[in-house]
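Written below as structure tokens is the structure these notes are about.
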Amino acid sequence: MKQALLSFFGTLAFFNGFSQHCPWDCSGMIIVETPVKSEVLYKLEPVLVDEEKRVIVDTMYGTDKPTYDRCDLLSYDDFTKQRAKKIAIHPWYQYDTFYHFAAGRYIIKYNFCEYRDKKLYLRYSDPSSKSKVYHYIEISGNLRIHLHDYNSQMRERKTEEIKNSLEASVLMLKCEEWNLKKQDCK
């Protein structure tokens, strides 16, 4: 009996290693909608930081390849172009080109599981300061999206369905919330 159980669990562990895992396990996203032009926004160097105000880097563990991506706030188009180029480094980057529901907005991708119970902030530099002065916008839990929850919908390209589901999770930032002037916005 003991031998049969060991064989069963050994076989189970062997096949579990070959099973398909969701490419969005622990993948988090923050979606930002703002009227700020991308060329103006990028000058503010917006990036996701942790509760210690350290810049967060997203990575694919165990690849032995340069899969370390700083969690910068990027337009959907720029994010998708960047990730498409990185498919040559590792094929899993192709899954970062499935975010059609975020088109026309800005996004940050990060490790959802690692930062689930921690404070997160969107850091940006003060546009009117001659020296580096940072401002921080706290990202509450209801604005953090676990992409794993939308695995089936992304695979089936149900863009509008996902977009509607996530509407309450979009961080809306007006021009003045970036300490910018009206002419810096669209």
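No lab work stands behind these numbers, since they all come straight from the coordinates. Since this is a predicted model, take the numbers as computed values, not measurements. Virtual Cβ from ideal backbone geometry, glycine too; neighbours counted across all protein chains shown.
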The chain - Rg (one decimal) and Dmax (whole number), Cα, Å: 19.4, 77
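If the only charges are +1 at each Lys and Arg Cβ and -1 at each Asp and Glu Cβ, what is the size of the charge dipole of the chain around the Cα centre, to the nearest 20 debye?
Working: 28 positive and 26 negative charges, 65 e Å.
Charge dipole, the chain, about its Cα centre: 320 debye, nearest 20.
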Given a cut-off of 32 Å, name the pairs among LYS85/LYS181; LYS85/LYS182; LYS86/LYS163; LYS86/LYS181 whose C-alpha atoms lie farther apart than that in the structure shown. LYS85/LYS181; LYS85/LYS182; LYS86/LYS181
Mean-position separation - Cα centroids, the range 56-79 and the range 150-186, in angstrom: 20
What does the charge count near VAL170 come to, summing +1 for each Lys or Arg and -1 for each Asp or Glu among other residues with Cβ under 11 Å from its Cβ? 0
Write out the cysteines belonging to the chain for which the nearest other cysteine Cβ is not under 4.7 Å, or none if no such cysteine exists. CYS22, CYS71
Straight-line reach only, C-alpha to C-alpha below 17 angstrom: list the lysines that LYS186 could link to, leaving out same-chain residues fewer than 8 apart. LYS37, LYS43, LYS174
Apply the Karplus curve 6.51 cos²θ - 1.76 cosθ + 1.60, θ = phi - 60°, to the phi angles in the range 140-156 and return the couplings in whole Hz, x for Gly and Pro. 6, x, 6, 9, 9, 9, 9, 4, 4, 5, 10, 3, 4, 5, 5, 4, 8
